[in-house]
Amino acid sequence: MIELFVDASTAGGVNVSAVGVFLRGEGHSIKWSEYVGEMDNHQAEFTALLKGLKLARPLATGMVSIKSDSKLVVDAFEKRFVKNPVYKKLLDESLSIADEFDYCFIKWIPDSQNKAAHTLANDKLKEHK
């Protein structure tokens with residue numbers, strides 16, 4: 001099983017964001033981050049989910065456990081629905097990749113349990129301030 005921790009960091013007022021992904025399991029331990037530019041925090045959280053799934057895709061076909069501290073992302077993924085058209089595009093692409101795995105699920109976790117992904121996103125954002 002691969003555990004996929006995803007998070008985003010957005011600078012208030014200017015709406016610039018970065019995403020962080022920490023992936024572990026099946027012999028892998030990957031820390032990855034990217035500055036994603038101008039977007040709100042929710043869009044950045046969905047972007048982090050998509051980037052994480054893209055990283056996991058070539059590494060596993062079996063089980064993927066996604067962990068996120070974004071209730072919006074977790075609820076949208078579980079319901080396979082979100083109203084906002086910008087988020088919907090990111091969610092639909094994420095679900096398409098998730099459906100390639102034998103089993104893929106998501107769980108909400110508190111910020112305190114998502115420190116690796118949070119730190120990656122936050123550090124990448126600080127590089128661009």
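Restricting to DSSP H runs of at least four residues, report the calculated mean residue ellipticity at 222 nm for the chain, -39500 (n - 2.57) per run over all residues, nearest 500 deg cm²/dmol. Could the numbers behind the result be given before it?
Values: 4 runs with 52 residues, N = 129.
-13000 deg cm²/dmol, from helical runs alone.
Length gained on full extension, Asp123 to Asn15: 37.3 nm, using 0.36 nm per residue less the C-alpha separation.
Got a sec? Which residues in segment 2-34 would a label at Met63 touch, if it sits 7 Å along Cα→Cβ and we count backbone N under 20 Å? It comes to 2-6, 22-30, nothing else. Among the chymotrypsin sites (Phe, Trp or Tyr not before Pro) in segment 25-129, those placed in a DSSP loop whose Cβ has at most 16 other Cβ atoms within 10 Å are Phe81. Of all the options Val14, Val82, Val74, the one that moves most in a Gaussian network model of the chain with Cα springs shorter than 10 angstrom is Val14.
What's the longest bit of the chain with no exposed GluC sites (Glu not before Pro), using DSSP loop states and at most 16 other Cβ atoms within 10 Å as the test? The partial results should precede the final answer.
Details: sites that count: Glu26, Glu100.
The longest uninterrupted stretch comes out as 27-99.
Loop-located trypsin sites (Lys or Arg not before Pro) in segment 9-84 (DSSP state other than H, G, I, E, B) with a sparse environment of at most 16 neighbouring Cβ atoms within 10 Å: Arg80, Lys83.
If neighbour count is taken as other Cβ atoms inside 10 Å, put Asp40, Asp102, Asp69, Asp7 in order from fewest to most. Numbers along the way, then the final one.
Working: Asp40 14, Asp102 9, Asp69 21, Asp7 31.
The most exposed by this proxy come first: Asp102, Asp40, Asp69, Asp7.
For a test of the definition: using alpha carbon positions, the gyration tensor, and the 1.5 limit on a/c, classify segment 49-129 as rounded, prolate or oblate. It comes out prolate by the Cα gyration axes.
Throughout, read-outs are computed from the coordinates displayed, never taken from laboratory work. Keep in mind it's a predicted model, so treat the numbers as computed, not measured. Cβ: placed from backbone, ideal geometry, glycine included. Neighbour counts: every protein chain shown.
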